[in-house]
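Below is one structure, written out as structure tokens; the observations come after it.
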Amino acid sequence: MTAPVFPAPLPGGPGRLYLVATPRPELPEDEFVARVEAALDGGVDTLQLRCKDTEAVPYLALAARLRPLCERRGVPLYINDRPDVAAACGATGVHLGQGDLPPAFARALAPHLQVGRSTHAPAQALAALQDAPAYVAVGPVHATPTKPGRAAAGLDYVRWAARHVQLPWFAIGGIDAVTLPDVLQAGARRVAVVRAVLDAPDPARAADTLKAMLDAFPLAAYAQAATLTVNGEARPCPPGLTLHALLRDLNVDASRVAVAHNDDFHPGARVPDAPLLPGDVLDIVRVTVGG
């Protein structure tokens, strides 16, 4: 038996208007594909196919129909939850939720795939960043029937992500032309949508409207360096940096300093190994021990 050869993955990285395309039971497949194609023509520049509770063969067959639509337009394609289906159809990557296969296992199965992650709180985002994903999703901003029972994370989480997440991230959850302005004002520059485009009377026009709103807030205007401030001077703040690691970089013994970290003060010999984030402000003072 000849071993199958996986097609080359679609190139590209996350854009700004991300459509999560979930087939509707009442919608014939041909119409679903046509609506996705219209959305791509309207300005969707990142696509995810999300088929929950679908077996691999029909999932793969539908992905194979969408892949050439993305390829012709230079749009990356992500497959929800299934790295096997993503690899088999030649997708750009796989999107993994908090309860899905851990990224390390997905990469072991298909090392060439990009990995996107869902996050619903700052702690989950910080954990996801340690896996170096291609992007993270931040939300749900508003409660949505796409995720029944999940409480909204709200605009506060968007504001937190705007300050702390230095790789591409998408606000998601209940975003449409009415709610998007507040999401943009909170700091998002990429958004993921579902019903606002796929269920619109005219998906191309709906996508075009959202894209125009995003274009009014250029990425470059919001770019910020991943830095923190130490004793008045800016220093790089790479993902995963902790207070003890910073002190080691500075050749400072944690037991012999007192540290003011934002609004917290840690006296000598009680400095915790706290995570550090871009924008943090620290003052480090050496402590003399002895009498």
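The values are calculated or read from the model by the stated rules, or taken from the named source; none is laboratory data. Keep in mind the model is a prediction, meaning the values are calculated, not measured. Note that we place each Cβ from the backbone using ideal geometry, even for glycine, and neighbour counts take in every protein chain shown.
Per-structure values
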{"quantity": "Qualifying position, being surrounded by fewer than 14 Cβ atoms within 10 Å (Cβ to Cβ), at pLDDT below 90 and under 19 Å from TRP160 (Cβ atoms), among ALA269, ALA274, ALA223", "calculated": "ALA223"}
{"quantity": "Filter result for the condition that a residue is assigned to a strand (DSSP E or B), of a type outside the set (Val, Ile, Thr), surrounded by 14 or more Cβ atoms within 10 Å (Cβ to Cβ) and out of contact with any Cys (no Cβ under 8 Å at 6 or more places or on another chain), over ALA207, ALA196, ALA188, ALA192", "calculated": "ALA192"}
{"quantity": "The lone exception for ALA125 - which of (1) more than 14 Å from the chain's Cα centre (by Cα); (2) assigned to a helix (DSSP H, G or I); (3) aliphatic (A, V, I, L, M) it fails", "calculated": "(1)"}
{"quantity": "One residue from LEU180, LEU155, LEU167 being of a type in the set (A, V, I, L, M), surrounded by fewer than 18 Cβ atoms within 10 Å (Cβ to Cβ) and in the same structural domain as LYS52 (by TED's automatic domain parsing)", "calculated": "LEU167"}
{"quantity": "Residue within region 101-120 that is outside the structural domain of LEU277 (by TED's automatic domain parsing), of a type in the set (Phe, Trp, Tyr) and surrounded by fewer than 18 Cβ atoms within 10 Å (Cβ to Cβ) present", "calculated": "yes"}
{"quantity": "Residue check, ALA88 within 12 Å of the chain's Cα centre (by Cα), surrounded by fewer than 20 Cβ atoms within 10 Å (Cβ to Cβ) and touching a residue at least 60 places away in the same chain (Cβ under 8 Å)", "calculated": "no"}
